[in-house]
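The values are calculated or read from the model by the stated rules, or taken from the named source; none is laboratory data. Everything numeric in this text was worked out from a predicted model, so none of it was measured. Every residue, glycine as well, gets a Cβ built from its backbone with ideal geometry; the counts of neighbours run over all protein chains shown. The accessibility values were calculated without ligands, DNA or RNA, using every heavy atom of the protein model including side chains. Shrake-Rupley method; radii C 1.70, N 1.55, O 1.52, S 1.80 Å.
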Amino acid sequence: MGLWREGTDNLSRALAGVRRVLTESSAGDRFALLEAGEIIGGAELGFAPGTEVAGRVSGLAGSGGSMRGARALAEAVRLAGEGTHPSRKIVLITDRQRVGWELDADGLWEGIKTAVDEFPVPPQLVLWEVPFPEDYRNAAVTDIELPLGPPSAGEPARIVATIENTGRVAVTPREIGLEVAGEVLPALGVDQIAPGQSRQVEFQHTFPSGGATSLRVAAQVGDDLPSDDALDHALVVGGNLRVLVLDAGRNGPGFFERGSAFASLALAKDKAGEGIDADFGPVTDLGPFAPLSKYGTIILAGVPELSVSAAATLGAFVDNGGGLVVALGAGTKQEFYADWKAPSGGKIVPLEIRERVEFSRIADGIIPAPASLRAGLLASLADPAQSDLASTRFSGYWRFAEPDGAGDVDVVVRSSAGHPIVVGHDVGDGRVFTTAFGLDGEDSNLVSRETFVPFVHELCRAAAGGADVVLNLPGSRNTEVLLQPGLPGVETDLRNSAVEVVDPLGRVAEGELVSDANGIRLGFPWAGEPGLHRFVLPRGWAGSLPALLGPEPNQTSVEEKEVAFSIRGAGREGHAELLTGGDLEVLREVFDVVEVGSAEEVLALLSGTATGRELWRYLAYAVLGFLLLEGLLARWIARKRRVADGGRAAFTPPDSVSAKTRGKLASAGKGGGR
């Protein structure tokens, strides 16, 4: 209902009509007012005279979610059962949009029909239509993603926003802007977008520090539905990444005889401080690098096999959220990698290593297929204008079996022969990338390409994404945000700490922080408003949630930290997708449906001064009314209701009703009046 026309919005028009019906209804009428949004609200207030319920209307500001039509009608029918009048009406205000009606929820509709059939006189559904414009104009920010995964502090991040034309006419946004933690970045332009089409806009931003933060993408459009012109996104920026490169030990007297040599150089920081903190050493002695938890990613560079203890240690590192890059060199023991599993049971190398393929001349070798990179985490390396990847040749590699689709294995890079040569998958709370070639220069000339440095960096950062903290989630009446997965319980005095959660409208709800063996989570009752929510992490919790706070000299000294998370609505609220005649049959199987278009027609139904053609068997003067408002804010989900003859219900003066019908009404009314 946030659609604006002629200087005002449909919500304001509808509420004005609702107030009129409530204030001008007869003294004997009783009403219940429901908000049929993401959360069904108002039922607890029950029935009251119209003048009393009218006072509640002023408090409706509108919510940003879509309607939950079936659930709202189920609640209205339940309330109707508490009334005593023989005739009941459910008045649903709608603008004909299909989204939110839950028409495919067969179980819900069957339950509603069962409840309606139990009434001596079933409640009637009155559809009060707010017109939907034919020239509806709307562009919406529908998605924000970071295609390279969670960003790290100090490294450029790609932020891709999708702008979709959900209206009926072409639109050209004036500009698309990005705001990060309150900092407004230079806006970008976008070409005209045709109805039903979308465009992606890509920003680059370097987050200065780690921890929880938020960003907002906003389109300057000036369209009919301003409520979806912006979208919020919450995220956790990783701190400065630290990498450990492990090899099998020295293969000769010099540094470059080590399997870890080139990968270590690719990660080394330059004079300007650009690069990644990295350590390197033999996998046969992990003691000097303990605890491994201080590393975000570990690279196994051409290690043929591991001892039982080293395999268990690295497997547990991955299970606990660490990243691992396995570079299979020429000496790889296939049997070991085929059997290596983490303590959780997940296979470290997800695909069968079938055979070693080698070429006598590097010029005859395979090359990476740039087309296979264009949609993945190495997409930046696919552009020949910015990458020399096309000049890379592999004289040796291991041929993997094709993924069978059952193990959620991502093929990151394929060769010109079509074989997977870099794959990634999740193991426990961590992520593993496996390359079919070594990083030591023996299998390819990759180490001499400019592409080698960003290749190693991107793999390490993607692997370190590991156990992401998900701060963008769907809403429910009792929403829970997992802030730290799989963390053992903390001190008793940190459990069940009360916090205040503030929603986008400034409303405050009481939440609770709980810590146990399953992790740390925040629970709170959601009021139904999508968007950015905030809470302050209380003093004492900082040491248990380092990812949310970012690097601090002394984590336990941090007294407070504001954390934002985003709740997404059901989506498609702004789409001009209207209900069809076939959709209406779902309602007609449950209710007798009549359509009205104004407060006057609703009042006529309530007073009995006009009667719809389908209403003859309903008591016209003993009415229990319900006003079902689609959830506050923007997008009243609707569809044009038609009676059985396909047209608007024609109201006729009472004296023109047939004698037979008047007799039925009189009979139904015996023993009671207003």
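Structural remarks
- Qualifying residue in segment 324-338 (condition: over 32 Å from the mean Cα position of the chain (by Cα), without any contact (Cβ under 8 Å) to a residue 60 or more places away in the chain and open to solvent by less than 20 Å² (accessible area, probe 1.4 Å)): yes
- Checked against (1) surrounded by fewer than 18 Cβ atoms within 10 Å (Cβ to Cβ); (2) acidic (Asp, Glu); (3) touching a Pro at 6+ places or on another chain (Cβ under 9 Å), residue 95 passes all but a single condition, namely (1).
- Residue 434 fulfils the conditions (1) farther than 30 Å from residue 269 by Cβ; (2) touching a helix residue (DSSP H, G or I) at 6+ places or on another chain (Cβ under 9 Å) except for a single criterion, (1).
- Residue match in segment 444-465 (condition: polar (S, T, N, Q) and either crowded, with 22+ Cβ neighbours inside 10 Å or under 25 Å from residue 149 (Cβ atoms) (or both)): yes
Table: residues versus (1) more than 25 Å from the chain's Cα centre (by Cα); (2) at pLDDT below 80.
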site: 534; (1), (2): no, no
site: 537; (1), (2): no, no
site: 549; (1), (2): no, yes
site: 555; (1), (2): yes, yes
site: 583; (1), (2): yes, no
site: 610; (1), (2): yes, yes
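- Note on segment 429-444: residues that are modelled with pLDDT of 90 or more and not in a strand (DSSP E or B) amount to 4.
- Of all residues in segment 188-225 being of a type in the set (Asp, Glu) and surrounded by 19 or more Cβ atoms within 10 Å (Cβ to Cβ), the one that is farthest from residue 159 (Cα to Cα): 224
- The conditions of being more than 18 Å from residue 438 (Cα to Cα), of a type outside the set (D, E, K, R), at pLDDT below 95 and open to solvent by less than 50 Å² (accessible area, probe 1.4 Å) are met by residue 379.
- Flag if residue 104 is under 17 Å from residue 580 (Cβ atoms), free of Cβ contacts under 8 Å to residues at least 60 places away in the same chain and either touching a helix residue (DSSP H, G or I) at 6+ places or on another chain (Cβ under 6 Å) or not in a strand (DSSP E or B) (or both): yes
- Residue in segment 301-311 that is assigned to a strand (DSSP E or B), at pLDDT below 95 and open to solvent by less than 60 Å² (accessible area, probe 1.4 Å) present: yes
- Any hit, segment 343-361, residues being closer than 20 Å to residue 457 by Cβ and of a type in the set (Asp, Glu): no
- Residue count, segment 397-438 (criterion: farther than 14 Å from residue 462 by Cα, within 33 Å of the chain's Cα centre (by Cα) and of a type in the set (Gly, Ala, Ser)): 4
- Test: residue in segment 348-366 that is at pLDDT below 90, touching a strand residue (DSSP E or B) at 6+ places or on another chain (Cβ under 8 Å), crowded, with 21+ Cβ neighbours inside 10 Å and closer than 27 Å to residue 158 by Cα: no
- Residues in segment 504-527 that are among the acidic types (Asp, Glu) and touching a strand residue (DSSP E or B) at 6+ places or on another chain (Cβ under 9 Å): 510, 512.
- Residues in segment 71-92 that are assigned to a loop (DSSP other than H, G, I, E, B) and open to solvent by less than 30 Å² (accessible area, probe 1.4 Å): 83, 87.
- For the condition free of Cβ contacts under 8 Å to residues at least 60 places away in the same chain, surrounded by fewer than 17 Cβ atoms within 10 Å (Cβ to Cβ) and within 30 Å of residue 605 (Cα to Cα), residue 117 qualifies.
- Some residue of segment 57-69 being open to solvent by less than 40 Å² (accessible area, probe 1.4 Å), touching an Asp or Glu at 6+ places or on another chain (Cβ under 7 Å), in a strand (DSSP E or B) and modelled with pLDDT under 85: no
- Only strands (runs of 3 or more DSSP E) whose full extent lies in segment 120-224 are considered here, and the ones with at least 2 residues that are touching a helix residue (DSSP H, G or I) at 6+ places or on another chain (Cβ under 7 Å), at pLDDT below 90 and not basic (Lys, Arg) are 124-129, 211-220.
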